[in-house]
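Below is one structure, written out as structure tokens; the observations come after it.
The values are calculated or read from the model by the stated rules, or taken from the named source; none is laboratory data. Remember, predicted model here, so these are calculated numbers, not experimental data. Every residue, glycine among them, receives a Cβ derived from its backbone with ideal geometry; neighbour counts consider all protein chains shown. Surface areas here come from the heavy atoms of the whole protein model, side chains and all, with no ligands, DNA or RNA. Shrake-Rupley method; radii C 1.70, N 1.55, O 1.52, S 1.80 Å.
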Amino acid sequence: KHGVPPIEVMRWATSNGAEALKARGRELGRVEKGKLADLIVVAGDPTQDVSLFRNPDNVALVLKDGVVAKDLLPHTIVAV
């Protein structure tokens, strides 16, 4: 909407936001071992359209501190 690519908006909100938090930022902003696990899975491609996050119906999974807070993903049982 304002000429900023969606992927840049997501960077500002994640890794750049974590850096702004200084000391606590060392635990945030990246998906890797030892970091706090806050993740959101949305229906669609937020790198193309960040407005997907505005509609709660698009949010399929939320992990907060590594714990599932919302899970609307389809689950399939696979027999092995």
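Worth pointing out:
- Positions within region 1-36 being surrounded by 13 or more Cβ atoms within 10 Å (Cβ to Cβ), assigned to a helix (DSSP H, G or I), at pLDDT below 70 and small (G, A, S), in sequence order: S15, G17, A18, G25
- Scanning region 57-67 for residues that are within 13 Å of the chain's Cα centre (by Cα) and either more than 9 Å from A43 (Cβ to Cβ) or surrounded by fewer than 11 Cβ atoms within 10 Å (Cβ to Cβ) (or both) yields a total of 6.
- A residue that is open to solvent by 80 Å² or more (accessible area, probe 1.4 Å) and either part of a helix (DSSP H, G or I) or at pLDDT below 80 (or both) cannot be found anywhere in region 41-52.
- Close pairs (8 angstrom Cβ cut-off, 6 or more residues apart or separate chains): without any contact (Cβ under 8 Å) to a residue 60 or more places away in the chain and at positive phi in region 31-47, open to solvent by 60 Å² or more (accessible area, probe 1.4 Å) and of a type in the set (D, E) anywhere: G34/E27
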